[in-house]
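Peer 1: What follows is a single structure, and I will ask about it in a moment.
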Amino acid sequence: MIEVKELKKKFGRKQILNGVSFTANKGEITCLIGINGVGKTTILKGIMNLTPMNSGQIFIDGKNLSKDTYEKITFIPDAITMIPTMTIAQAMQFMQDYYKSWNQSRATELLSFFRLKQEDKISSLSKGNTAKVNLLLGLALDVDYLLMDEPFSGIDIFSREQIANVFTSHLVEDRGVIITTHEINDIEHLIDKVVLLDNGIVLKEFSTEEMREDEGKSVVDVMREVYQG
Amino acid sequence: MKSYLKLVNFEIGRFMKIYLVLIGLTILSQLIGVIILSKSYVANANEAIYEYLVPFGQFIEEYGRMSMMSVVDSIWFMGPIALCAAAFLFYIFFIWYRDWVGKNTFIYRLFMLPTARLNVLLSKATTIFLLVLGLVAMQLILLPIGSMLMKWNVPLDFRTDMTIREIINNSHYLFILIPDSFIQFLINYGLGFMAVFVLFTAILFERSFRWKGVLLGIVYCLIASAIFLAPLIYEFGIQASFFYPVELLIIEIILGILVIAISIWLSKFLLNKKVTV
Amino acid sequence: MNVNLNKREPVYVQVIRHFKEQIATRNLNPGQEIPSRRELANQLKINPNTAQRAYKEMEEQGLIYTEGNSPSKITKDEKILGAVREELIGQAIDSFIAAIGPIDVPLDEVVGLIREKYRGDKE
Amino acid sequence: MRYWKSITIIIIVILTFGVFYIQAAIAGNYNPEFAITTTSGDETVLKNLALLSNYQVDDLIISTEGSKYKEDSSYIDLIVGNYTNPKIKQLQGDHRSFMRGKRDISGLYENEGLLAYAEVNFELHRGEASDFSFDIETLDKESGKKTAFTIDVPEKKIFNYVYIEDVRVVDDVMKVTTSNSVKDDKYRTGQIHIYHFNLTDQKLVKDEIIEAEQEGMDGQLDLVRLLNDYEELGGEKYLAFELEYVEDIDLADENLHHDYYPEYKGSELVVYNLETNEQEEIELPDELQQAMKRIDNTFGNIYVHNSKLHFIEMTDTSMEIMVYNLESGETDSKHSIEIPNADTVMQMGSPIYKIRDDKLYVVNSVISRDMQSSIIAVDLATGDKLSEGSLEVQGKEKDKEIYNLHVYDLVIE
């Protein structure tokens, strides 16, 4: 379980996060929703210790983040984190060099799943394919938790479909996933849990199925209520 | 440790292309320089002796004998060395900032590696250190080759042959790069290493606090210099002449190690607690 | 398998309904193997957890059964199958009546129309 | 092998530097080895001679035994100045704590029981020195007892600088000779003071100025110079001062070019008796007066040794030595020593003289390979050339071309 407690973060004078708390369970897909600039990415970076928080705590399975945690949790940012001049094969080699949790057979599977050629240079790939390589590098790690920042933004429709397929596959199964999005439609049926953010705080945190069952509301209904009501 | 070594290898690989270009330029410029300077000296001698009938002795008196010194002091030789020095000075900054630039921010990857972040810093420092030593080593290899080329081009009576060490010891800048004694070598490169660590710390200040960090970085550089130079300033500035040279040397070595240690400690703190990707 | 899921009803409920329809229409035969929950999730683009829940629910209702490690199958229990059929027929008629009710048509006319339409459809 | 690039670089670095520095260690210094060889005369005389010299960038000490290069000269040495007077070095070794920060040999005095040091302290403000004071320290060599006190320089406001020339201690009185520059003094370059400090009371008891009794010469006093050997820390009874006069010019004359250098007219000698505290102008015999004039224009020197003044003069063919006895006021002896290559000596740079135990040693400050007799020892009593020596290049560098060797000091053990 990832527990985020009372995160606060200021950029200059702007209070981006003002006491954000939520939890994300293993085996569930948790979705952070909010308009752009609301601090979704900052939360993910905070969990990964890629940007310092002003205050608050983050526990991953009850423990603070350490260098070994990076074998248990990975972050897939919205842009690829590899050197553009590398080929896909070199990028995979790099991952294998440093991560014990790198699963090469899964990487190979993903490669064919996404129909990527490993001798291609990252810089020569289309936007959609670059996003797929980015996803591949994260998904091929045998980690318990996956953080994905806007995996669907700015990508063509076919790539979106392929990426969406990933969420219903064994590639994500049993892991805890946190994704951020500002646009819920495509993935509404994929997610277990929603965390609605605005003005640096969590407005509502709920399970999608429970919401449908108990109140008969879709995620968009709740969003409409929360943001406009 | 394993990750550190892999990272060093990785960083070296990343700089390889520019590095090979630098090496190639140096080799070309220095060897071409030897040939051109030798040929022009011989041409000059021929003209003087055969056309203007200047006696050999008088010619030597006026122009001197050709030696590696005139090559070493020429732009052909110094140029590429200056270029390499500038390149590495630039690279001290570039080795960090290129990981932050653009949309493809490789620093995410580096900081999410399951290894201490300090290893990233140490590997970058080691890379710079190793590559600088590599260039200097190449210079050491190039000198005898240059000497040989000069011997082929200039007749015995017109040249002064020098050993590699003589050439180095007579040239101010080569003498800094390749000092005479091994202890001096350690001191020179220790100083260089210290400077790299201080600059790295300043860069990390900037990466952590941005504009405020620039100021902090500059202040840190000043403090580090002040710590290191304090005894020397006291000694020569205030004309106190309090310490004996040996004592001063020991104090400076201790202070140098201290500055390196503080820099590494601060860098570690910044990398783990303050840096923003 | 193509299903239009609506967003306000719990997904697992919609999945179960979908299965019942398939059973009632004999698209799924008694004893036929059904997709694994992962396959189902993938086919319907739903969360595997939801598929899991739907299957669990269906197993409890006796719609499907699992023997050991082999894939789940549609029940052969005629009683349950019959009940599913009846439930669906009942639901369809309920909604039909709910729709036709306000128009206030005499029953005979309705039955006549149904017979006519129904036969025309069958031919 | 994905690591071949890194491994290649590491191997090249280690091999290249390894070979370079191991070769350096095995071959020792690549510089030529020198040795003093006696070319004629008594071989034993030059045995206790050591030349502190410099070849290219390296310092070395040359004796009859051979040469020894100074190893491991570090940055600090280079910054501090790698030359420390051997006498100071010896004192630093013996009295490490007392000698801390004392590098100026002119401020030192030593006899069997006492080591004393005087220093002028000042504040430097915008390049101008002010607030001069004496720091005086003594060390009782037997008991190790140290004393220290500070006294303001009298009339300190009128000086531009106060520089210590010599320190002597006689009967618990320290006599500090200084050259001071007076702020408003347009015509004279300075004054020579002798300050007397009572070491027991730690008080300044007297402030004397060295001056000629009458302005005997035509012209202006240009400079007062202490003739005593600055390296000689004690023992002499007399301090000898040379007062140099130049052509009398009107400095206010606007037509005068600022580069104009007035003509040297002549010198006077003033001798200060450290025991009686009397200063006396010496009337030199004509011959010596003339010699003095010549010496000022050519290479030569005047030395105070054993209460005698030694006038040493280099000519084209010989070295002329004239000895004047301060006690008797008469010329003791005159010697002329033939030096076949005196002209070379002249060309190559000023010679270094040292007088020790009635022997005069002369060494050229710049020595080239062709030089035959660059070292000469003369018996001052008889005027005989005791021995003549030269430097020989030794070892495997024997036939190689060598650069000029610079001698900066001469030590006699």
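Peer 1: For region C:77-104, what are the residues that are closer than 14 Å to C:His18 by Cα and among the basic types (Lys, Arg)?
Peer 2: C:Arg85, the sole residue that qualifies.
Peer 1: Among C:Ile80, C:Ile103, C:Ile64, which is the only one that is more than 13 Å from chain A (Cβ to nearest Cβ), among the hydrophobic types (A, V, I, L, M, F, W, C) and touching a Ser or Thr at 6+ places or on another chain (Cβ under 7 Å)?
Peer 2: None of the others qualify; the one that does is C:Ile64.
Peer 1: Could you tell me how many of the residues in region A:54-84 are in a helix (DSSP H, G or I) and surrounded by fewer than 16 Cβ atoms within 10 Å (Cβ to Cβ)?
Peer 2: Total meeting the criteria: 1.
Peer 1: Give B:Ser29, B:Ser40 a once-over and let me know the one that is of a type in the set (S, T, N, Q), assigned by TED's automatic domain parsing to the domain that holds B:Ala82 and free of Cβ contacts under 8 Å to residues at least 12 places away in the same chain.
Peer 2: That would be B:Ser40, the only listed residue that is of a type in the set (S, T, N, Q), assigned by TED's automatic domain parsing to the domain that holds B:Ala82 and free of Cβ contacts under 8 Å to residues at least 12 places away in the same chain.
Peer 1: Continuing with the same structure: Would you say A:Thr51 is facing chain B (nearest Cβ under 9 Å) and either surrounded by fewer than 17 Cβ atoms within 10 Å (Cβ to Cβ) or assigned to a loop (DSSP other than H, G, I, E, B) (or both)?
Peer 2: Against the criterion (facing chain B (nearest Cβ under 9 Å) and either surrounded by fewer than 17 Cβ atoms within 10 Å (Cβ to Cβ) or assigned to a loop (DSSP other than H, G, I, E, B) (or both)), A:Thr51 qualifies.
Peer 1: Can you tell me which residues in region C:35-70 are in contact with a strand residue (DSSP E or B) (Cβ under 9 Å, 6 or more places away or on another chain), in a loop (DSSP other than H, G, I, E, B) and within 30 Å of A:Asp186 (Cα to Cα)?
Peer 2: C:Asn47
Peer 1: Name, by its number, the condition in (1) surrounded by fewer than 16 Cβ atoms within 10 Å (Cβ to Cβ); (2) among the hydrophobic types (A, V, I, L, M, F, W, C); (3) more than 11 Å from chain D (Cβ to nearest Cβ) that does not hold for B:Ile260.
Peer 2: (1)
Peer 1: Does any residue of region A:169-188 turn out to be assigned to a strand (DSSP E or B) and modelled with pLDDT under 90?
Peer 2: yes
Peer 1: Follow-up question, since we're still on this one. For residues that are of a type in the set (Gly, Ala, Ser) and farther than 21 Å from D:Val205 by Cβ, scanning just region D:139-155, find the one that is surrounded by the most Cβ atoms within 10 Å (Cβ to Cβ). Step through it out loud before you land on a result.
Peer 2: Filtering region D:139-155 for residues of a type in the set (Gly, Ala, Ser) gives D:143-144, D:148.
Subset that is farther than 21 Å from D:Val205 by Cβ: D:143-144.
Numbers: D:Ser143: 8, D:Gly144: 10.
In this case the residue turns out to be D:Gly144.
Peer 1: Given (1) within 15 Å of the chain's Cα centre (by Cα); (2) at pLDDT 90 or above, where does B:Phe175 come up short, assuming only one miss?
Peer 2: So the condition that B:Phe175 fails would be (2).
Peer 1: Which ones in region B:96-128 are within 13 Å of chain A (Cβ to nearest Cβ) and within 20 Å of B:Met194 (Cα to Cα)?
Peer 2: Scanning region B:96-128 gives B:Arg117, B:Leu118, B:Asn119, B:Val120, B:Ser123.
Peer 1: Just give me the residues in region C:52-76 being closer than 15 Å to C:Gln22 by Cβ and crowded, with 18+ Cβ neighbours inside 10 Å, in sequence order.
Peer 2: Correct list: C:Ala54, C:Tyr55, C:Met58, C:Leu63, C:Ile64, C:Ser72, C:Ile74, C:Thr75.
Peer 1: Could you check how many residues of region B:186-200 are over 12 Å from the mean Cα position of the chain (by Cα) and either away from chain D (no Cβ under 14 Å) or at pLDDT below 95 (or both)?
Peer 2: Of the residues in that region, 6 qualify.
Peer 1: Taking only pairs six or more apart or across chains, which ones have beta-carbon atoms under 7 Å, a first residue in region A:62-81 that is at the interface with another protein chain (Cβ under 9 Å from one of its Cβ atoms), and a second residue that is among the small types (Gly, Ala, Ser) and not in a loop (DSSP other than H, G, I, E, B)?
Peer 2: Pairs that qualify, where the first residue is at the interface with another protein chain (Cβ under 9 Å from one of its Cβ atoms) and the partner is among the small types (Gly, Ala, Ser) and not in a loop (DSSP other than H, G, I, E, B), are A:Thr74/A:Gly138.
Peer 1: Another question, then. If a residue has to be within 14 Å of chain C (Cβ to nearest Cβ) and in a strand (DSSP E or B) to count, how many in region A:193-212 make the cut? Spell out how you get there, then give the answer.
Peer 2: Looking only at region A:193-212, we keep the residues that are within 14 Å of chain C (Cβ to nearest Cβ), and these are A:193-194, A:206-212.
Okay, now just the ones that are also in a strand (DSSP E or B), so A:193-194, A:206-207.
Residues that pass the stated criteria total 4.
Peer 1: Okay, moving on. So, of the residues in region B:10-52 that are of a type outside the set (A, V, I, L, M, F, W, C) and crowded, with 20+ Cβ neighbours inside 10 Å, which turns out to be farthest from the chain's Cα centre (by Cα)?
Peer 2: B:Tyr41
Peer 1: State yes or no: is D:Glu313 over 30 Å from D:Gly389 (Cβ atoms) and at pLDDT 80 or above? Explain how you work it out, then say what you get.
Peer 2: Details: over 30 Å from D:Gly389 (Cβ atoms): no; at pLDDT 80 or above: yes.
No, not satisfied.
Peer 1: Can C:Leu88 be described as touching a helix residue (DSSP H, G or I) at 6+ places or on another chain (Cβ under 8 Å), in a helix (DSSP H, G or I), surrounded by 10 or more Cβ atoms within 10 Å (Cβ to Cβ) and in contact (Cβ under 8 Å) with a residue 60 or more places away in the chain?
Peer 2: Yes.
Peer 1: Can you name the number of the only condition in (1) more than 23 Å from A:Thr42 (Cα to Cα); (2) in contact (Cβ under 8 Å) with a residue 40 or more places away in the chain; (3) buried (at least 22 other Cβ atoms within 10 Å of the Cβ) that A:Gln162 fails?
Peer 2: The one condition A:Gln162 does not meet is (3).
Peer 1: Also, I was wondering about something else. Select, from B:Met16, B:Met78, the only residue that is free of Cβ contacts under 8 Å to residues at least 60 places away in the same chain and part of a helix (DSSP H, G or I).
Peer 2: B:Met16
Peer 1: Which of the residues spanning region C:8-34 are buried (at least 18 other Cβ atoms within 10 Å of the Cβ), outside any helix (DSSP H, G or I) and within 8 Å of another protein chain (Cβ to nearest Cβ)?
Peer 2: C:Pro10
Peer 1: Does B:Leu31 meet the test of being in a helix (DSSP H, G or I) and farther than 22 Å from B:Pro155 by Cβ?
Peer 2: In short, no.
Peer 1: Residues of region D:223-240 being within 17 Å of D:Gln191 (Cβ to Cβ) and of a type in the set (Lys, Arg), which ones?
Peer 2: Within region D:223-240, D:Arg225 is the sole residue that qualifies.
Peer 1: While we're here: Which residues, counting only those in region D:90-139, are on the phi > 0 side of the Ramachandran plot and more than 12 Å from chain B (Cβ to nearest Cβ)?
Peer 2: Within region D:90-139, D:Arg126, D:Gly127, D:Asp131 qualify.
Peer 1: Of the conditions (1) facing another protein chain (nearest Cβ under 9 Å); (2) surrounded by fewer than 22 Cβ atoms within 10 Å (Cβ to Cβ); (3) hydrophobic (A, V, I, L, M, F, W, C), A:Leu190 fails just one. Which one is it?
Peer 2: If we test A:Leu190 against (1) facing another protein chain (nearest Cβ under 9 Å); (2) surrounded by fewer than 22 Cβ atoms within 10 Å (Cβ to Cβ); (3) hydrophobic (A, V, I, L, M, F, W, C), just (2) comes out false.
Peer 1: If D:Asp77 meets every condition in (1) facing another protein chain (nearest Cβ under 10 Å); (2) under 22 Å from the mean Cα position of the chain (by Cα); (3) modelled with pLDDT under 80; (4) surrounded by fewer than 18 Cβ atoms within 10 Å (Cβ to Cβ) apart from one, which number is that one?
Peer 2: The one condition D:Asp77 does not meet is (4).
Peer 1: Kindly provide the set of residues from region D:95-124 that are over 22 Å from the mean Cα position of the chain (by Cα) and modelled with pLDDT of 85 or more, ordered by number. Give the derivation first.
Peer 2: To start, the set of residues in region D:95-124 that are over 22 Å from the mean Cα position of the chain (by Cα) comprises D:95-98, D:112-114, D:121-124.
D:His95, D:Arg96, D:Ser97, D:Phe98, D:Glu112, D:Gly113, D:Leu114, D:Asn121, D:Phe122 - these are the residues of region D:95-124 that are over 22 Å from the mean Cα position of the chain (by Cα) and modelled with pLDDT of 85 or more.
Peer 1: Here are some conditions: (1) facing chain D (nearest Cβ under 9 Å); (2) more than 19 Å from the chain's Cα centre (by Cα); (3) not small (Gly, Ala, Ser). B:Ile203 meets all but one. Which one does it not meet?
Peer 2: It is condition (1) that B:Ile203 fails.
The values are calculated or read from the model by the stated rules, or taken from the named source; none is laboratory data. Nothing here was measured: the structure is a model prediction, and the numbers come from that model. Methodologically, a virtual Cβ is constructed for each residue, glycine included, from the backbone with ideal geometry; neighbour enumeration extends over all protein chains shown.
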